[in-house]
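**Q** Take a look at this one; I'll ask things after.
What follows is calculated from the coordinates using simple rules that are stated; it is not laboratory data. Everything numeric in this text was worked out from a predicted model, so none of it was measured. Note: ideal-geometry Cβ built from the backbone for every residue, glycine included; neighbour counts use all protein chains shown.
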Amino acid sequence: MREVFCVGIGITSFTRLEYPLAEIAAYPGMMALKDSGLSKVDQLYVANMGAGRTNHQTGLASAVLDQLSLAPAWAETIENGPASGASAIKTGFMAIASGMCDTVMVIGAERMREVNDLEATECVATLTHPQAEWIYGITLPSMAGMFARMYMDKYGVTPRHLGMVAVKNHDNAMDNFYAHLHERITLEGIIDSPEAATNNPIVADPLRFYDCCPVSDGAACVILASGDAAKKTGKPRIRLAGVGQATDTLAVHDRKDPTDLLSTRGAAAQAFKMAGLKPSQIDVAELHDAFTILEIANSEEAGFFKKGEGHIALEKGETRIGGSLPINPSGGLKAKGHPVGATGVGQAHEIVLQLRGEAEKRQVKGAKRGFTCNFGGFGNNVVCLAFTKEK
Amino acid sequence: MEFNIYGYKCKKCGQVHYPFRTTCKKCGHFIFEDKAEKYELVPLSKKGKLLTWTRLRSLPGDFEVPELLFGIVQLDDGNRLTGQLDIAAPKTGMKVAGVVRVVRREGYNEHKGIVFESA
């Protein structure tokens, strides 16, 4: 298997973008080409979840490829729900590792604000089991609400812990120009004060407004290259060293213990094994915090903390920038935003930036090894990636 | 008329599945291979214990109500179901009993599902 490097990156603001989807998607592609110095690639993968439904556009990869005048390169659209982004990177990894391609452009793009937030949530709710879950009106926030309650009952996580995740990630996003939410929040404002119930209303009890990610438009790009092709670009050698993926039952109630995220556990273990790393060796991680509870649960399942102790590490400040393992320095899905198909690529973009030492005010000092966890469905399909800085 | 939610019992090992799956999750038996017999339909218990619940205030467009409650219920027969709750103040661990009725109207389509009440 050949080694795979990240040679170019680009991103748009994660926010409401009033441009056609293919243009939103092409923009970070253009930035990444400029960053890498390449003018063409062998293959384009575009990760997207809802264009067919929310933007009346299918075959998105062909449209984006044409925007970038990259014909006759190969192009495919990859859909794996909210994990589409990391799935597209995994597919790009396979194309290069196998020797089929030397350079692959991976773009994740989503334009969810073309419809209103309820319709966007409804589109994402089509991920749930059609007969056993969807018919009841269940959405992803409801799934996360039921999951959070079980987690609280079992491990002693409190609404305050969830609030701490939100405050930390909003703080981190203040230093990220491309983040959706530039809004500093406090525990007083969202949990403790009498006004908190108004500031932070219930969405899916026990989850409140500030426990949920925003609905964002946005796109991100990472260009992957083989060792030889990467050398020619002269860019810092950031290697995609480990890739892992694992799946679980579609219906959440079908799982032996619904508080276990076996898909994250399996995907992370594979990524670490391929990279030859242990969780304790990771300097910075981007974990899928579409809901605050998921940052805590994923940090445990990925192996960074013992099961049931993620909230304790959070309390101690270990997951802040400057702590033993900074999680979501970009602001995470919570504050950077969650344009579903773009999210996994956005996470990889942040890790490449951190390992290059180009993350400016939110830079994790001396970061050499990074990790991402991109969570699809409600934990039925998770892709994890491990990155290392090489000499 | 009383409706039920039916589980799909594997003819080979007896594992009950809900929702339906084409391959038994326990023994790997291909349920569609038994063309004559398929699987055995067994009515699931409607009584059980509430494992977790949520109150959703941001609803899909098909529902013209201010909020909906959902829960996962551990049934007395060992199976589990997700359903709506018709309980004002649910508590984890409480005993519940379900009724199968229309839970969603989508245009001209009606979807039947289970709604749990306190038992």
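**Q** Of the options A:P339, A:N381, A:Q363, report the single residue whose Cα projects farthest towards the positive end of the charge dipole of region A:237-391 (beta-carbon charges: Lys, Arg +1; Asp, Glu -1).
**A** Sorting the options by dipole projection puts first A:Q363.
**Q** Per residue of region A:102-111, what does 6.51 cos²θ - 1.76 cosθ + 1.60 with θ = phi - 60° give for ³J(HN,Hα)? Whole Hz please, x for Gly and Pro, Karplus curve as stated.
**A** 9, 9, 9, 9, 10, 10, x, 8, 8, 10
**Q** Which log10 I(q)/I(0) values does region A:124-188 give at q = 0.12, 0.14, 0.20, 0.25 Å⁻¹ under the Debye formula, counting every alpha carbon as one identical point scatterer?
**A** Taken in order of the listed q values, log10 I(q)/I(0) reads -0.49, -0.63, -0.89, -0.95.
**Q** If you place +1 on the Cβ of every Lys and Arg and -1 on the Cβ of every Asp and Glu, how big does the dipole about the Cα centre of region A:215-353 come out, in debye to the nearest 20?
**A** Dipole size: approximately 600 debye.
**Q** Anything over 32 Å Cα to Cα? Flag those among A:K334/B:K91; A:K168/A:K389; A:K273/B:K38; A:K90/A:K154, in the order listed.
**A** From A:K334/B:K91; A:K168/A:K389; A:K273/B:K38; A:K90/A:K154, over 32 Å: A:K273/B:K38; A:K90/A:K154.
**Q** Could I ask something else about it? Quick one: Kirkwood hydrodynamic radius for region A:26-70, alpha-carbon pairs, angstrom, one decimal?
**A** 11.4 Å is the Kirkwood radius here.
**Q** From the alpha carbon gyration tensor of region B:1-62, can you work out the equivalent ellipsoid semi-axes (sqrt of 5 times each eigenvalue) and give them in Å, largest to smallest? Can you show the working numbers first?
**A** Values: eigenvalues 172, 42, 36 Å².
They are 29, 14, 13 Å, listed largest first.
**Q** Further question: Find the eigenvalues of the gyration tensor of the Cα atoms of the protein assembly as shown, then list the square roots of 5 times those eigenvalues as equivalent ellipsoid semi-axes, largest first, in whole angstrom. Mind showing how you got there, number by number?
**A** Values: eigenvalues 289, 136, 95 Å².
Sorted largest first and rounded, they come to 38, 26, 22 Å.
**Q** D for region A:1-123, whole µm²/s, Stokes-Einstein with Kirkwood Rh over alpha-carbon pairs at 37 °C and 0.692 mPa s: what number?
**A** Taking Rh from Cα pairs, D becomes 224 µm²/s.
**Q** Mind checking which aspartates and glutamates have their C-alpha under 18 Å from A:K232, skipping anything on the same chain fewer than 8 residues away?
**A** Partners found: A:E3, A:D35, A:D42, A:D102, A:E390.
**Q** Here's something else I'd like to know. For region A:265-320, taking Cα atoms only, what is the radius of gyration to one decimal and the Dmax to the nearest whole Å?
**A** Rg then Dmax for region A:265-320, in Å: 11.0, 31.
**Q** With point charges of +1 on the Cβ of Lys and Arg and -1 on the Cβ of Asp and Glu, referenced to the Cα centre of region A:179-303, which listed residue (A:A297, A:I282, A:T264) lies farthest in the positive direction of the dipole?
**A** A:I282
**Q** Continuing with the same structure: Regarding region B:33-96, what are the three Cα extents along the principal axes, ordered largest first, in Å?
**A** Projected onto the principal axes, the Cα atoms of region B:33-96 cover 47, 30, 13 Å.
**Q** Please get the size of the charge dipole for region A:78-237, origin at its Cα centre, with Cβ charges of +1 on Lys and Arg and -1 on Asp and Glu, quoted in debye to the nearest 20. Don't skip to the answer; put the middle values down first.
**A** Numbers: 13 positive and 19 negative charges, 158 e Å.
Approximately 760 debye in magnitude.
**Q** Shifting gears a bit: Hey, got the Cα dimensions of region A:59-184 along the principal axes, in Å, largest first?
**A** Computed over the Cα atoms, the extents are 54, 43, 33 Å.
**Q** Tell me the Rg and the Dmax, in Å, that the Cα atoms of region A:351-391 produce.
**A** 12.7, 38
**Q** For chain B, just list the percent of Cα-Cα distances falling in each 10 Å bin from zero outward, please.
**A** Spelled out bin by bin, chain B gives 13, 37, 32, 16, 3 percent.
**Q** OK, next. Got a sec? Charge dipole of the protein assembly as shown, +1 on Cβ for Lys and Arg, -1 for Asp and Glu; which of A:G317, B:L81, B:G7 is way out at the positive end?
**A** The listed residue farthest towards the positive side: A:G317.
**Q** Take the eigenvalues of the Cα gyration tensor for region A:244-382, scale each by 5, and report the square roots as semi-axes in whole Å, largest first.
**A** Details: eigenvalues 107, 49, 43 Å².
Ellipsoid semi-axes (Å, largest first): 23, 16, 15.
**Q** Along its three principal axes, how long is region A:302-391 when you only count alpha carbons? Whole Å, largest extent first please.
**A** Dimensions of region A:302-391 along the principal axes of its Cα atoms: 36, 32, 26 Å.
**Q** To the nearest 500 deg cm²/dmol, what mean residue ellipticity at 222 nm is calculated for the protein assembly as shown from DSSP H runs of n ≥ 4 alone, each contributing -39,500 (n - 2.57), summed and divided by the residues? Spell out each step's value before the answer.
**A** Numbers: 13 runs with 140 residues, N = 510.
Rounded to the nearest 500, it is -8500 deg cm²/dmol.
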